[in-house]
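The values are calculated or read from the model by the stated rules, or taken from the named source; none is laboratory data. In this text the structure is predicted, and so the values were computed from the model without any measurement. Here Cβ is always computed from backbone atoms with ideal geometry, including for glycine, and neighbour counts include all displayed protein chains.
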Amino acid sequence: MEARAAVDDVALGREAWSVLDANWTGSATVPAPGLYPHQWNWDSTFVAIGLSRWDTRRAGAELLSLLAGQWSTGMVPHIVFHPAAAEAYFPGPSVWRSQDHPASPNEVLTSGLTQPPLQGLALWWMWRHTTDREMAAALVRRLYPMLAAQHDYLTTARDLGGGGLAAIVHPWESGMDDSPVWDAPLEALPQVRYAYRSEGLADGHLDSHHDRYVSLALRYRDSGYDATYLREDHPFAVEDPMFNGIWLASCQALAELAPLAGADPQPYREAVERIRAALLERLWADGVFHTRDLRSGRLSPVCTVGCFGPMLDPGLPTERVADLVRLLESPRFMGAVGYPVPSCEIRAPQFDRSRYWRGPSWMNTNWLLRRAAAIHDQTGLAQVLGAGTLRLVRQAGFRECFDPFDGSGRGSRDFSWSAALTLDLLADTVDP
Ligand code: 9WN
């Protein structure tokens, strides 16, 4: 394992800031130098969360830059392209062709997919932790209508199952691209090959799936990013518990921020109730939440870190919370490893400690589960998650993800959300 001398909290905080400064483009933070040279939706939003206690202006700039890419449909894209890096990442702007779509913003090039709607929760987090209330209040008033439009988009264009949940239409929308829960829906698609693959893929991706990712994106693009096509013809439509758990948490946040924005909290309170009921009715089975493939009607048998997403709901019934905590602490997840939280259950045949989202631990999901544990007064679990996560970065640096057994780093170095969320976790121990 690649280890380094453990650094103290002050030095760790300084290192985190220098990663974030190096990854700043002037208007937003890229996820990592080299591999990811644009602004990604949930990456930036985790950066905003991490900065909330320390730099309201930059946290706000991050969210404003992302939302400058919002489409008039309300969709917040999963990538906002940085013009200077143009085609440095595949698939780049020439594949998505957002500029040809009338709903996309005029001056900003984006992808045509979205990612988990974390922005409401991030705005609430900033409001709660800021040291500049006036600036934060102004940001809430400015961003609120944009998040309301995002919410309306998910409610109207993405309830493809008609049961009150938002469906994702591509694995990239989950943020957990290579998760084994997409295997069955992806394998139902025809196999295709693209010439670009001679350039090679980043370590950790399943190349047999990558061609299908691209073909799915092209099919959606060629429909004109059409909502009726998604509902009736698109072959990938999945209800994901993490995506919907995050959506619920953002609805809760919008309800709480409503008075500040001069808005009515009631629609968001009702959305929280509706999403909770749908999660329990449609995705709960055998003591845990599962993904539902709307095309086959099947629940995925594989249990992943995403299955704990609905724990972000403060109103989740206590028996369900107890079931989830028991599973999370069991040898199927945290009980068998040295470092939280493996992205796939250890006993699953698909578990692979070296492949993205099929085994490694990620800081962002650790942060979400720690938040969920805190919401449900699971103080011991929250402490274990916080301390275990900090141990990872102290030992291995701000890597993209980590081996859950020995804590060694995997994927990109100087990864922005790992640095930003470290700043948030350190806030409990380091004085500003
Ligand atoms: C595709 C940027 C993104 C993250 C995702 C992660 C990975 C992209 C890729 O990188 O996805 O969007 O190229 O695999 O899985 O969570 O947002 O860091």
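Brief remarks on what is shown
- Residue within segment 241-258 that is at pLDDT 95 or above and not in a helix (DSSP H, G or I) present: no
- Matching helices (runs of 4 or more DSSP H) fully within segment 39-158 where at least 2 residues are crowded, with 24+ Cβ neighbours inside 10 Å and within 22 Å of the chain's Cα centre (by Cα): 41-51, 56-67, 119-129, 133-157
- Output for segment 28-38, where each listed residue is near the ligand (Cβ under 9 Å from one of its atoms), of a type in the set (A, V, I, L, M, F, W, C) and outside any strand (DSSP E or B): VAL30, LEU35
- Some residue of segment 299-311 being small (Gly, Ala, Ser), within 16 Å of the ligand (Cβ to nearest atom), under 22 Å from GLN115 (Cα atoms) and in a loop (DSSP other than H, G, I, E, B): no
- Listed conditions (1) within 14 Å of the ligand (Cβ to nearest atom); (2) touching a Leu at 6+ places or on another chain (Cβ under 7 Å) are all met by ALA59, apart from (1).
- Count - residues of segment 307-330 that are of a type in the set (Val, Ile, Thr) and surrounded by fewer than 14 Cβ atoms within 10 Å (Cβ to Cβ): 1
- The lone criterion from (1) of a type outside the set (Ser, Thr, Tyr); (2) within 19 Å of the chain's Cα centre (by Cα); (3) modelled with pLDDT of 95 or more left unmet by LEU35 is number (3).
- Screening segment 169-187 for residues that are among the small types (Gly, Ala, Ser) and not in a helix (DSSP H, G or I) and picking the one that is farthest from the ligand (Cβ to nearest atom) gives SER179.
- Out of ALA167, ALA136, sole residue that is farther than 21 Å from LEU299 by Cβ, at pLDDT 95 or above and of a type outside the set (Val, Ile, Thr): ALA136
- Within segment 331-362, considering residues that are surrounded by fewer than 24 Cβ atoms within 10 Å (Cβ to Cβ), within 16 Å of the ligand (Cβ to nearest atom) and among the hydroxyl-bearing types (Ser, Thr, Tyr), the one farthest from ASP177 (Cα to Cα): SER354
- Residues within segment 214-235 that are at pLDDT 95 or above and either part of a helix (DSSP H, G or I) or within 15 Å of the ligand (Cβ to nearest atom) (or both), tallied: 13
- Every listed requirement among (1) touching a Pro at 6+ places or on another chain (Cβ under 9 Å); (2) without any contact (Cβ under 8 Å) to a residue 60 or more places away in the chain; (3) closer than 26 Å to ARG371 by Cα is met by ASP43 save one, (2).
- Selection status of VAL430, more than 15 Å from the chain's Cα centre (by Cα) and at pLDDT 95 or above: no
- The single residue among THR379, THR389, THR365 that is of a type outside the set (Gly, Ala, Ser), surrounded by 21 or more Cβ atoms within 10 Å (Cβ to Cβ) and more than 16 Å from the ligand (Cβ to nearest atom) turns out to be THR389.
- Once segment 319-351 is narrowed to residues that are in contact with a helix residue (DSSP H, G or I) (Cβ under 9 Å, 6 or more places away or on another chain) and of a type in the set (D, E, K, R), the residue that is farthest from GLY409 (Cα to Cα) is ARG320.
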